Each structure stands twice: as structure tokens, then as C-alpha cells.
Amino acid sequence: MTASALVAAVGPLQHAAESFAAATMQLGFGEGLRQFLGPDTLASVVVEGLAKSAIYVMIASGLTLIFGLMGVLNFAHGSLTAIGAYLGGLVMVTFAASASGNVGRIALFFVAIVVVFALLTAFGGAMEVSLIRPLYDRPPLYQILLTFGITLVLEELLRMVLLFYDIQPSTDWLEAQGTRPEIISKTHDVFGLGVEGLEVFQILLGVAITAGVWIFLTRTRYGLYIRAGSEDGEMAQALGVNVHQAFTVVFGVGVGITGVAGALLMWDSAWAASIDLGAEVLLPAFVVVIVGGLGTFRGTVVAGVLVGFVDAFTTELFTSNIVGFSALPELFIFLILVGTLVLRPQGLFGVEEVGGH
Amino acid sequence: MTLLELTDVETYYGESHVLEGVTLSVEEGEVVALVGRNGVGKTTTLRSVLQLTPPREGTVEYRGEELVGLETHEVAERGVGWIPEDRRIFSQLTVAENVRVAVPDGVDTGERVATVYDTFPILEERRDQEAGTLSGGQQQMLALARGLVGENDLLLVDEPSEGLAPQIVADVAEALADAATETTLLLVEQNLPLALDLADRFYVLDKGQVVDDGETADVSADDERLRRYLSA
């Protein structure tokens, strides 16, 4: 290893050590812990944990549907989320003036997610038929390279369109965030507890989408075909199931849900619509999918909740009250991933061998 | 009336030439046994009918319609059912879901499923159980139920007695005999007494070719005519 390479390798570690050494004891350990364990703080952390869980489940749902049922690892997932965020923002920004008031804005948002879902489902279906399907009989590396290539193309196309319309692609699209209705923007007093409207909205939408996917998979005939086809595609075909069509629907719906998650993140200043959203979403989505068990929707829901709560608790613990060290919450999320891979490589609900098609 | 007719079928796995000009036919209402040693192409013949492994040459006609070129689900939609060699039940679905998935679209699922549960009461008892947790015999019953619930006109049955205890084999034989009263069967079976007992006619396959055929009434399981092709 050359000296410069050594310095480059040690640099981040040194920076982390300095940050940790500089970590401030904001309130003193005892006082901070007392505040952290107080009912108000705990309650707000639980609400935040639920909101983060909803986000993590939503951003991972599309990925897990597509991988679990089709065996395709979709690396274009992140950029499709970003496109969903911009499409949702476009609808909101374009029609916000004609939709005033809380009810009008929320109704417009639901119109936006219907538009995003419809457009991205159609795009996902077309992508499966034209690009993914010819590669089913090839090793998974082909699909990974293809979807990685798609993400590069989509990002650059998105960047060109944004620059053409004079929207900065690398910074948050604040105009879209500004379309939030007042009821979602402000903090509400619930039994003396400050609850952010956006968090409640994220929780409700997350529950609705999770329930919708769950019902689709377990209570509809098409869901039954999809689950059968994902376990043994050949057998399902021999029973009359058009597995190709089922996979097109799954890919389309998976991409559609991904886009809806993006539309929701567009309103959240912690994420927001930007090209970088693609990369920001991709990593936690993979963490949730791997921790839950590749391809199990139930596992994704449980892992999303787990990661969401760990994120919320560690954020409160390490950035607000006791120690100011902002990298720790993210570190804990990846510790969950490492722990899972060491102790249970197939994930919480995964099976060791996944049926192919 | 001829239900299924294979003519000069040539099927390959990659470069491996498995079926070398197989010609056979199945009349409506009869049970035809396809016998032969392991690896001679019996399962491949069934897969060629289903278009799971489409023939490169030759024709596969069902009710006079060419099946080569169709998708497998289109073959199934025409009334061709399959009970595969290794059962291939959907282990992560419940017993009830395994049965339901085989009922064609637009058909009264409840009525069909009830009929099958009458034939296999053990499956109704375990309807909410994950199919992967069933015993081998119960899984075979489920595979049979799944084949029968579609009310197909032709059932391709592959080694239904393989790996089963004698009592279960007797149950399977009884279920197949019942099925044969309503459905045409093309049966691949290593258990020669069972095959000859169920079938009206037989074809002997060796090295990817039909080397003998006839009425089962004319042969017995220890007949030299069959033994030379079937003994290891």
C-alpha cells in the first residue's frame, strides 16, 4: 500500500475519531437519560419510529416484491423512486394553486400518487417485457448489470429534463415541498404531546399501502397465481397460469409502489425530491430487504419496523439528548444488517433456498 | 377419437438428443402406459406434450390441433393436466391454495374444490396447513387432487407411486382408477404391475424411441417381451 493510499484509508477513521472526541455532552449523561426516558420524549420517539418504519417499508416493498417473486435484483429501484418523487411533485406544483385548503391539497396528493402509480406501473411493465424478460434464463449478474445500467440512463435523463426546466437536480426541490397542506406541515398537540402532521400522514399511508399489497398477494386470485409462479413457475404454467403475464404485473406494481414511496418522500425535508434521493433510498431499501429475508413481504414489513424504530431511538439518543454524534444512528442500521448476515444469513423470515422460475 | 398424437417427435436438452422420433397416440377415454428404464425419455415425452421442453422436430396434436409453438399455459388451458414425477406442490402455499390455483378461471372454485375434498378427505382436514409440511403420501394426494380439480380431458401422470409406502401406492392406484373413469390418462410408471393394471395399452420406450407397443391384456409384468427393455 502506498503512503498516499494509507493516508486516504486512515483519513475517514481519523475524522470519525475526532468527531467522537468532540462529541458534546449536551445535558450531561444522567439528565439526558432522564429526559430520554420521560413519557413525552418516548412517545414522540415512538411516533417518529412508526413514521420511519412506514417509509422504510414503502421504499423496500417494491424491491422485495420484484426480487421475492421474480428473483430479479432491481438496482434501478432508487432512480425510479426519485422519478416518482419528481412526478408527484410535478402534479402538486402544477395544480397546487387550484387546490387550496387542507382537503384540496390532500385530495390533490392522492390524485398525484394515482398518476405516479399508473405511469410507473406502465413503465415498469414495459421495462419487464422489453428488457428484463430476455434475461430470465441468464445468470443473475446479467440482471444486476442491466438494472444498474438502467439506473444510470434514468438518472441522466432525469438530470437533463430537470436542467431543461431550470430545476436544480442536486438540491431539494423546495417548490414541491411547499405544496404541503398546513395540517401536514404543522405540529399538532395530541394529549399534550407534539405530533408532526407529516409523520401521522406517513404512518397512515404506509399502513394503507402495506395492507393493500398484503391483500393483493394473499386474498386475490392473481396474488395466488403470483405466489405459485414465484415458487415454481413451470408447474404454475402447467396448471394454466400465464406466469409471464404475472411477472409483468408484479414488476409493474413493484415499480408503481416504488414511485408512490418517492411521491411521499417528496414532501419530507429529510429526503425530498432530488437526483440523490435514488442513492439515499437504495441502501436502506436493501438493508430492509436483506434483514427481513430476501423476497418475503412479511419479512420486509417486520424489518422495516425494526430499522425504523432503531433509527428513531438512536437518532433521539445520539443526536438530541446524550451524545451529539450524528453518524451513530446510521451506524446502528448497518449493525443490524451485519448482525443479521452473521447470525441468520437468510434474514428474519427468509428461507435458505428461494424457488426460481 | 384420437385425443393426443405425437408424430416423429425429436426433443433435445441443449445438445443432448433425448427423443429420437417418438410416435404414439392416445384415444379418448383410454389409459395408456409409457414404460421403460430410467433416462429413456418418458418424462421428456410428457414435457414435450406440455411444451415445457418443446420438440425441435415432429408434431404434437391434441384434438387435431398442433401444440408445438404454444405456451405451456395455453396447452393447459386446452385441457391437458400434469401430475409431475416429484409432485412439485407449492410448499409455501396452503393445501387449499394449492388446490385453488389449479381451478381454471371463470369456473366455480368452491364446487370443484368440494368435489376433490370428497375424494381426498385428508386434504380437507389439512386445508389450512402449509403444503410443505405434509407427509410424502399426503403430498402425492395433493398433487393428484391438483391434477383432478382442473377437470382436464387428458392427464399426464408421471411416476405417481415413486417413493411411496405400499398402502399409499394402493390408495394412489385407486384414485387413478377413479380418475380414469372420467379422464384420459397417459401414465409414466416404473411399477410395471401397477401400470399394466391401470392401462388399456402400453408403449415401451428405449433410448428415446418407441420399441414396442400393444394391449396390456396381451402381456404380464414378467413377460420376456417387456423385461428385456425394463431390466437394468
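Values quoted throughout were computed directly from the atomic coordinates according to the rules given, and no laboratory measurement underlies them. Keep in mind it's a predicted model, so treat the numbers as computed, not measured. Counting neighbours? That spans all protein chains shown, and the Cβs are built from the backbone with ideal geometry, glycine included.
For region B:99-146, the Kirkwood radius over C-alpha pairs fed into Stokes-Einstein at 10 °C and 1.306 mPa s yields D = 144 µm² per second. Within a 10 angstrom radius of the beta carbon, how do A:F318, A:F247 rank from fewest other beta carbons to most? Listed from fewest to most nearby Cβ atoms, that is A:F318, A:F247.
Note on B:102-115: average number of Cβ atoms from other chains within 10 Å of each residue's Cβ is 1. Taking every residue in B:78-90 and counting other chain Cβ atoms within 10 Å of its Cβ, the average works out to 3. Remark: the protein assembly as shown carries a charge dipole of roughly 2400 debye about the Cα centre, counting +1 on each Lys and Arg Cβ and -1 on each Asp and Glu Cβ.
Summing +1 for each Lys or Arg and -1 for each Asp or Glu among the other residues whose beta-carbon sits under 10 angstrom from that of A:T187 gives -2. Straight-line reach from B:K207: which lysines have a Cα under 19 Å away, not including same-chain ones fewer than 8 places off? Output for B:K207: B:K42. The aspartates and glutamates within cross-link reach of A:K186, meaning a Cα-to-Cα straight distance under 17 Å and a gap of 8 or more places when in the same chain, are A:E48, A:E196, A:E199, A:D268. Among residues other than A:M92 with Cβ under 12 Å from its Cβ, the summed charge is +1 (Lys and Arg +1, Asp and Glu -1). Using Cα pairs closer than 8 Å and at least 6 residues apart in sequence, work out the relative contact order for chain A, in percent. RCO, chain A: 35 percent. Listing A:F75, A:F110 from fewest to most neighbouring C-beta atoms within 10 Å gives A:F110, A:F75.
Picking from A:G229, A:V241, A:P169, whose Cα lies most toward the positive end of the charge dipole for region A:143-257 (charges on Cβ: Lys, Arg +1; Asp, Glu -1)? About the Cα centre, the residue reaching furthest to the positive side is A:V241.
Bridges between two residues of the protein assembly as shown, per DSSP, are antiparallel at a rate of about 60%. Amide H contacts under 5 Å for B:G58: B:E10, restricted to partners 5 or more places along the chain or on a different chain, H placed in the peptide plane at 1.01 Å from N.
The residues B:S135, A:S274, A:S130, when put in order of fewest to most other Cβ atoms within 10 Å, stand as A:S130, B:S135, A:S274.
The calculated pair-distance distribution of region B:170-218 uses every alpha carbon pair, bins of 5 angstrom beginning at 0, and gives 5, 18, 30, 25, 13, 7, 2 percent. Within chain A, the selection of entire DSSP H helices by a Cα span of 18 Å or greater along the long axis and an average Kyte-Doolittle value of at least 1.6 returns A:101-127, A:243-265, A:277-292, A:328-343. Here the average projected area of the convex hull drawn through the C-alpha atoms of chain A stands at 21.4 nm². Remark: region B:23-39, residue by residue, has Karplus-estimated 3J(HN,Hα) of 10, 7, 9, 10, 8, 4, x, 9, 10, 10, 9, 10, 10, x, 5, 4, x Hz, where x stands for each Gly or Pro and the curve is 6.51 cos²θ - 1.76 cosθ + 1.60 at θ = phi - 60°.
Per residue of peptide A:238-250, the mean number of Cβ atoms on other chains within 10 Å of the residue Cβ is 6.
One quarter of the convex hull surface built on the alpha carbon atoms of region A:122-178 amounts to 5.2 nm², the projected area averaged over directions. Let a ≥ b ≥ c be the square roots of the eigenvalues of the Cα gyration tensor of region A:213-317; is it rounded (a/c under 1.5), or, if not, prolate (a/b larger than b/c) or oblate? Verdict is prolate for region A:213-317. Close amide-amide hydrogen proximity is noted between B:L3 and B:V26, B:E27, B:E28, each under 5 Å apart and 5 or more residues distant or on a separate chain (H modeled in the peptide plane; Pro and chain starts excluded). Amide H to amide H, with H built 1.01 Å from N, B:E189 comes under 5 Å of B:L34, B:E159, counting only residues 5 or more places away or on other chains. Per residue, the average separation of C-alpha pairs within less than 8 Å and at least 6 apart gives region A:156-292 a relative contact order of 29 percent.
Binning all Cα-Cα separations of region B:2-230 at 5 Å, short to long from zero, yields these whole-percent fractions: 1, 7, 15, 18, 20, 17, 12, 7, 3, 0.
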